[in-house]
1. Within the group Lys7, Lys42, Lys26, Lys85, which residue is open to solvent by 80 Å² or more (accessible area, probe 1.4 Å) and closer than 29 Å to Arg161 by Cα?
2. Out of Met122, Met34, which single residue is part of a strand (DSSP E or B), open to solvent by less than 80 Å² (accessible area, probe 1.4 Å), of a type outside the set (Val, Ile, Thr) and touching a strand residue (DSSP E or B) at 6+ places or on another chain (Cβ under 6 Å)?
3. Please go through segment 73-99 and pick out each residue that is within 12 Å of ligand 2 (Cβ to nearest atom) and either within 14 Å of the chain's Cα centre (by Cα) or charged (D, E, K, R) (or both).
4. Regarding Phe145, is this residue open to solvent by less than 60 Å² (accessible area, probe 1.4 Å), within 14 Å of ligand 1 (Cβ to nearest atom), in a helix (DSSP H, G or I) and more than 21 Å from Pro9 (Cα to Cα)?
5. Six or more apart or on different chains, Cβ under 7 Å: which pairs go from a residue in segment 148-161 that's outside any helix (DSSP H, G or I) to one that's of a type in the set (A, V, I, L, M, F, W, C)? Could you list them?
6. Looking at (1) more than 30 Å from Arg158 (Cα to Cα); (2) more than 10 Å from ligand 1 (Cβ to nearest atom), which is the one condition that is false for Phe64?
7. Determine which member of the set Asp70, Asp123 is more than 15 Å from the chain's Cα centre (by Cα) and modelled with pLDDT under 95.
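The values are calculated or read from the model by the stated rules, or taken from the named source; none is laboratory data. These numbers come from a predicted model, not from an experiment. Here the Cβ positions follow ideal geometry from the backbone for every residue, glycine too, while neighbour counts run over all protein chains shown. The accessibility values were calculated without ligands, DNA or RNA, using every heavy atom of the protein model including side chains. Shrake-Rupley method; radii C 1.70, N 1.55, O 1.52, S 1.80 Å.
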Amino acid sequence: MVMEIVKYPDPVLEKTAEPVTEFDDKLAKFVDDMFESMYEAKGIGLAAPQVGVSKRITVIDLSFKEDPEDKIVLINPEIITREGKQYEEEGCLSLPDIREKVARAAKVTVRAQDVKGEWFEMDGEELLARAFQHEIDHLDGVLFFKRVSGLKRDLILRRIRKLIKAGDW
Ligand code: GNR
Ligand code: NI
């Protein structure tokens, strides 16, 4: 089932999401629905708050191909190591058509649970490292415009306000 993606300034996007404690069929179904919604929206990642669910769940697939091999599910994820720096453009399905360069770690290791509740670790660099950091930020209620300079953030907020006023958001 495709779920609707909520846009800023929906308050769910700025809340700290709750840890997942039940690894049941309902969770597995929700994760499937998250992938379906992400592919439909043509994103490379999606966090549960973006579909209005304040839980620490995110899905990532850099390939767009719906190949089970490329699907990454992170439940209750944490970044355990960060190395280096990168500064590249990001977008967000909850901030349509807004793109800005964001400073991120170049390489990270995440520790997370899978859909069955098993803990695992995974390394990512370049785009995957960006996706890990972007999605985990969503679980902490942080949108990428909070990580750009105050001046750029004000410009983005002004643009969004204008779009909302015009009914184009
Ligand atoms: O589709 C997305 N592209 C993207 C590009 C660079 C860094 C992060 C991302 S994630 C984003 C989808 C999204 O909003 N996930 O929360
Ligand atoms: Ni996003």
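1. Of the residues listed, the single one that is open to solvent by 80 Å² or more (accessible area, probe 1.4 Å) and closer than 29 Å to Arg161 by Cα is Lys42.
2. Going through Met122, Met34 in turn, just one is part of a strand (DSSP E or B), open to solvent by less than 80 Å² (accessible area, probe 1.4 Å), of a type outside the set (Val, Ile, Thr) and touching a strand residue (DSSP E or B) at 6+ places or on another chain (Cβ under 6 Å): Met122.
3. If the condition is that a residue be within 12 Å of ligand 2 (Cβ to nearest atom) and either within 14 Å of the chain's Cα centre (by Cα) or charged (D, E, K, R) (or both), then Glu90, Gly91, Cys92, Leu93, Ser94, Leu95, Pro96, Arg99 are the ones that fit.
4. no
5. Val148/Val102
6. Only one criterion is unmet by Phe64, namely (2).
7. Among Asp70, Asp123, only Asp70 is more than 15 Å from the chain's Cα centre (by Cα) and modelled with pLDDT under 95.
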